[in-house]
Each structure stands twice: as C-alpha cells, then as structure tokens.
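Here's the structure, in structure tokens; my notes come after.
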Amino acid sequence: MKRFYVYILECSDKSYYTGVTSNLELRIIQHNEGLHPKAYTFRRRPVKLVYSIEFSDPYIAIEKEKQLKKWSRKKKQALINGEFNLLSDLSKKKFKKS
C-alpha cells in the first residue's frame, strides 16, 4: 500500500515550509539539493525535517497539507513540539481593542 506524507521543514532562515509527498526521504534530499531555483526552499537551504505525518489516502494528505499551510507559526510550533493541548487556543482569532 502506497503511503503519503505531509511534512514541515525548518529552513535556514527559521521559516517553515509545508509539503506533501509519497517519498519523504527523497523529497527532503531534493529540497536540500535545490533542484528548482524558483522554489521557496531554494534560497533557504539547508532545510531540516521537523514534523511529518503518514496517510494512506492521497486526498486526505493533500487536505491536511492545505490546512497546515494556513496555520500560524505559533500553531505550527505547537504541533512540531507535540503541544497538542495548545492547538485549540491558537486557533482562536485575536481581536484588537479600539
């Protein structure tokens, strides 16, 4: 059975990149080799894997990737650190008082 991975990379500038692949090891090598000059990670190498999750359904993996890409940096950090209890609070919008 084929596996699909949603992953988060930490770039050399400390930003995060989220992606999806069916070959996680190869994909990280490709990011670090800089095969695509216009790619987000090209000028932010080296990158390191900080989070991954495995799926058997490619459609669910793609939906999860889209979801994570919308998350704030703080929420991604909580996920990476396994601080799942913080995810709900970090989802709440903060409104400025006038």
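So which residues in region 58-94 are assigned to a loop (DSSP other than H, G, I, E, B), charged (D, E, K, R) and surrounded by 11 or more Cβ atoms within 10 Å (Cβ to Cβ)?
GLU83
Of the residues ARG44, ARG73, which is without any contact (Cβ under 8 Å) to a residue 40 or more places away in the chain and touching a strand residue (DSSP E or B) at 6+ places or on another chain (Cβ under 8 Å)?
ARG44
Could you please give the count of residues in region 12-53 that are crowded, with 18+ Cβ neighbours inside 10 Å and assigned to a loop (DSSP other than H, G, I, E, B)?
Number satisfying all stated conditions: 2.
Just so you know, all these numbers are worked out from the coordinates, no wet-lab data involved. Since this is a predicted model, take the numbers as computed values, not measurements. Positions of Cβ are generated from backbone atoms using ideal geometry, with glycine treated the same way; all protein chains shown enter the neighbour counts.
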